[in-house]
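Right, one structure below, let's go through it.
The values are calculated or read from the model by the stated rules, or taken from the named source; none is laboratory data. Just so it is clear, the structure is predicted and the values come from calculations on it, not from any experiment. Positions of Cβ are backbone-derived with ideal geometry, glycine not excepted, and every protein chain shown enters the neighbour counts.
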């Protein structure tokens, strides 16, 4: 487990493209994976697993929150697609079997030796002694969101799928729509029907188990269960698309959005911003997962 995330300034974090079509992916969706030296994925995500967020403006941030969430301002984004659910242990195990737990550059992708990990190598009876044991999700946790994935592992998984990590602006628009709401489901305070929160340490739930908490676009599990990696460097608002913030590569601090299963209801907000430095980004965490975008 990595050291606790340092809060964004005054934040107080606690421890712990064009429209996608099935006929296109062999060329377009495999390009980023090949460029990154990754093996090709077995196939793109099914269209039902992706949610389209149309082009246009939305309200980002808030005026009545901590300094790093101010000011409330309008941001214009192009159309994009985003995963309906967080990436699961079962899905990430497929990636580990195809690409490995370390990148060619020596970046760790997954902390399987952390006691909070839910994916492990399981020997196959009768397999040759020199055959590597496959990565297998722990029984009962296949549909839970994958924790202990480093930022580099999340980046490489999305590339393997021919996708990328969402920017923090995309994440917030996917979560709150265009009416400036505080929660993906509206203004009602969080309940266990909406999100996984207020749980004991490491008590995640399946990522597809809270449809009542979906956003206006139909994206689910955005608050609670696990926070989520983004592609964005932490910088003050107002958000700008042209200042290089949406290209985190390890320098500076990377933005983490959402909330975790072991946080209270008060921590659930679509505008909350937390961040990790490079050491934190290179480590896995029991309360951080991810989803992909295109």
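Counting only strands (runs of 3 or more DSSP E) that sit completely within the range 58-131, those holding 3 or more residues that are touching a helix residue (DSSP H, G or I) at 6+ places or on another chain (Cβ under 7 Å) and closer than 29 Å to residue 235 by Cα correspond to 80-83. Give all pairs with beta carbons closer than 7 Å in which a residue from the range 45-74 that is farther than 14 Å from residue 173 by Cβ meets a residue that is at pLDDT below 95 and surrounded by fewer than 12 Cβ atoms within 10 Å (Cβ to Cβ); count only pairs at least 6 apart in sequence or on separate chains. Once the first residue is farther than 14 Å from residue 173 by Cβ and sits in the range 45-74, its partners that are at pLDDT below 95 and surrounded by fewer than 12 Cβ atoms within 10 Å (Cβ to Cβ) give 47/22; 66/10; 67/10; 68/10. From the list 198, 186, 289, 258, the lone residue that is out of contact with any strand residue (DSSP E or B) (no Cβ under 7 Å at 6 or more places or on another chain) and closer than 30 Å to residue 137 by Cα is 198. Among the residues making up the range 193-238, those that are under 15 Å from the mean Cα position of the chain (by Cα) and under 11 Å from residue 262 (Cα atoms) are 204, 224, 225, 226, 227. Could you check, for the range 54-66, whether at least one of its residues is within 17 Å of the chain's Cα centre (by Cα), under 28 Å from residue 179 (Cβ atoms) and crowded, with 18+ Cβ neighbours inside 10 Å? Within the range 54-66 (the criterion being within 17 Å of the chain's Cα centre (by Cα), under 28 Å from residue 179 (Cβ atoms) and crowded, with 18+ Cβ neighbours inside 10 Å), the answer is no, since none of the residues qualifies. Candidates are the residues of the range 244-275 that are more than 20 Å from residue 61 (Cβ to Cβ) and crowded, with 24+ Cβ neighbours inside 10 Å; the one that is nearest to the chain's Cα centre (by Cα) is 260. Scoring residue 127 on the criteria (1) surrounded by fewer than 24 Cβ atoms within 10 Å (Cβ to Cβ); (2) at pLDDT 95 or above leaves a single failure, condition (2).
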